[in-house]
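Colleague: Below you will find the structure I want to go over with you.
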Amino acid sequence: MNHKRVLLIVGGGVAAYKSLELVRLLRKAGVAVRPILTAAGARFVTALSLGALAEDPVRSDLFSLEGEAEMGHIELSRSADLVVVAPATADLMAKAANGLADDLASTTLLATDKPVMMAPAMNVRMWLHAATQRNLATLRGDGVVIVGPDEGAMACGEYGPGRMAEPEAIFGSIMTALRAGRRPLAGRHVLVTAGPTAEPIDPVRVLTNRSSGKQGYAIAAALADLGARVTLVSGPTALATPAGVTRVDVETAQEMEAACRRALPADAAVCVAAVSDWRPDAVFPVKLKKGHAGPPAVTLVENPDILAGLSSAGPCRPTLVVGFAAETNDLEANARAKLARKGCDWIVANDVGEGGSGAGIMGGDENEVLLLDAAGAQRWPRAGKAEVARRLAERIAAALIPGESA
Ligand code: CTP
């Protein structure tokens, strides 16, 4: 990303402080940041901190062309690979949607021929107002990529959609946009398992777990973004199929195993599903009634281990097999034992114990993982599941394609 450049327009909103963190993430990834601060934005963050983090002078004035390094709004608008507006206020969105140009930010947005991304941030009523929703539809129609907003408690005391997306999420979308067109995994097939399995007890009851499927779906999406043909074998989830991904719905571990086998050959397999280790040995054909005989005895039998099966599939074994490990204690030791026991190449481990950094990870939007392979362990910082997925997809591309680096 060393040669990539983002033009970042910081609008006026409490969320402007989060844009400082966004700048830090971009700089760390080697992306050059050229900042524009609106007059309202300057009421929330200073040009000094924004410029210092971006390592580039902050532009604010449409009519200042004094210094040698100064460039006009036309040149400025073409000087980046991507224009990002964060926070995008209701006012900035309205101006951009209607082609108004009365300051440096809006003029740059009108003059640019580069892709534009906006991270809206405003009060919930302002966001839901028909005018903003109209402008949003116009901007989307014009090809602007919208990131967020999130739903939650707002600085004004209200609750609802309107909070700017977290810097990590905006960063992930920026990286995806900057990489658009780069498809190192084109022509490769990757199998991903995701979600829980549901093992029937009787026609209305199942044995299942709390997996949301979010991490597996994010990985499938990130792999597809890199050009892979992705087969997503999914247990029951409430999630939408990511663009460009072929989804095969299953319920039980046995169905998941059969669907995985059918999906082979694959260059890589990523087993993210929380597969039920056991299933009732027989399914009661009719709904179990309370009756007088006391609680029914359900005998469990072990399910096939899909990850271990793929790892030992002989000539059908994918070149790279990646497993996940959800642990509540002794994370690294347990994950390393799992790596050996299952015969896979990598284990992505996370601590789902109450005291662990992963508390709330199951079903949550963030993950903090430890990546283990035969050579060692690498701890990744806590990040949104999309960002963890993007990083893993890059690493998979680097492992499969000579010359690619994660
Ligand atoms: N897995 C699988 N099939 C199973 C059980 C697990 O493919 N029947 C895969 C999961 O998708 C994950 C990895 O194995 O990639 C580890 O899952 P986990 O539940 O952490 O491990 P278990 O095999 O259940 O081991 P343990 O009970 O010791 O935690």
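Colleague: Within the set of other residues whose C-beta is less than 15 Å from the C-beta of residue 404, count the net charge using Lys and Arg as +1 and Asp and Glu as -1.
Modeller: +4
Colleague: Using a 7 Å offset from the Cα along the Cα-to-Cβ direction at both residue 113 and residue 142, what is the distance between the two label points in nm, to one decimal?
Modeller: Inter-label distance under the simple model: 1.7 nm.
Colleague: Something else about it: If r is the Cβ-Cβ distance from residue 78 to residue 264 and R0 is 35 Å, what FRET efficiency results, to the nearest 0.05?
Modeller: Computed FRET efficiency for residue 78 and residue 264 comes out at 0.15.
Colleague: Once every Cα of segment 189-400 carries one equal point scatterer and solvent is ignored, give the base-10 log of I(q)/I(0) from the Debye formula at q = 0.13 Å⁻¹, two decimals.
Modeller: -0.71
Colleague: Continuing with this model, one more query. Quick one, could you list the DSSP H helices from the chain stretching 27 Å or more along their long axis (Cα atoms) with average Kyte-Doolittle hydropathy of -1.0 or above?
Modeller: Long hydrophobic helices here: none detected.
Colleague: With the crude spin-label approximation of a point 7 Å out along Cα→Cβ, what separation in nm comes out for residue 287 versus residue 378?
Modeller: It works out to 5.2 nm between the two label points.
Colleague: Please compute the modelled spin-label separation between residue 254 and residue 130, points set 7 Å along Cα→Cβ, answer in nm with one decimal.
Modeller: Taking the two extended label points, one gets 5.7 nm.
Colleague: Another question about this same structure. Using a 1.4 angstrom probe, figure out how much accessible area the chain has per residue, in square angstrom, rounded to the nearest whole.
Modeller: 47
Colleague: While we're on this one: Rounded to the nearest 500 deg cm²/dmol, what is the calculated helix-only ellipticity per residue at 222 nm for the chain, with -39500 (n - 2.57) per DSSP H run of length n ≥ 4?
Modeller: Mean residue ellipticity, 222 nm, calculated: -9500 deg cm²/dmol.
Colleague: What net charge is computed for the residues neighbouring residue 335, neighbours being all others with C-beta under 14 Å from the C-beta of residue 335, Lys and Arg scored +1, Asp and Glu -1?
Modeller: In short, -2.
Colleague: Sorted by accessible area (1.4 Å probe), largest first, how do 261, 34, 247 line up?
Modeller: Heavy-atom accessible area, descending, gives 261, 247, 34.
Colleague: Additional query: Once the cut-off is 42 Å, how many percent of the Cα-Cα pairs in the chain end up in the long-distance tail?
Modeller: 24
Colleague: Take the solvent-accessible surface of the protein heavy atoms, probe 1.4 Å, and return the percent of it on segment 189-400 that carbon and sulfur atoms account for.
Modeller: 53
Colleague: Let me test this: with uniform point scatterers at the alpha carbons of segment 263-360, what is the Debye-based log₁₀ I(q)/I(0) at q = 0.14 1/Å?
Modeller: One equal scatterer on each Cα of segment 263-360 leads to -0.69.
Colleague: Where does segment 1-68 land on the Kirkwood hydrodynamic radius, alpha-carbon pairs, in angstrom?
Modeller: 12.1
Colleague: Could I ask something else about it? What fraction of the DSSP beta bridges in segment 5-178 is antiparallel, stated in percent and rounded to the nearest 5?
Modeller: 20
Colleague: In addition: Report the calculated FRET efficiency for residue 24 and residue 298 (r = Cβ-Cβ distance, R0 = 56 Å), to the nearest 0.05.
Modeller: In this case the efficiency is close to 0.60.
Colleague: Looking only at segment 244-281, which residues have a backbone nitrogen under 15 Å from a spot 7 Å from the Cα of residue 316 in the C-beta direction?
Modeller: Answer for segment 244-281: 254-269.
Colleague: Please report the antiparallel percentage of DSSP beta bridges with both residues in the chain, rounded to the nearest 5.
Modeller: Counting only bridges with both partners in the chain, antiparallel ones make up about 30 percent.
The values are calculated or read from the model by the stated rules, or taken from the named source; none is laboratory data. Please read all numbers here as calculations on a predicted model, not as lab measurements. Here the Cβ is made from the backbone with ideal geometry for all residues, glycine too, and neighbour counts use every protein chain on show. Heads up: the accessible areas ignore ligands, DNA and RNA and are worked out on the full protein's heavy atoms, side chains in. Shrake-Rupley method; radii C 1.70, N 1.55, O 1.52, S 1.80 Å.
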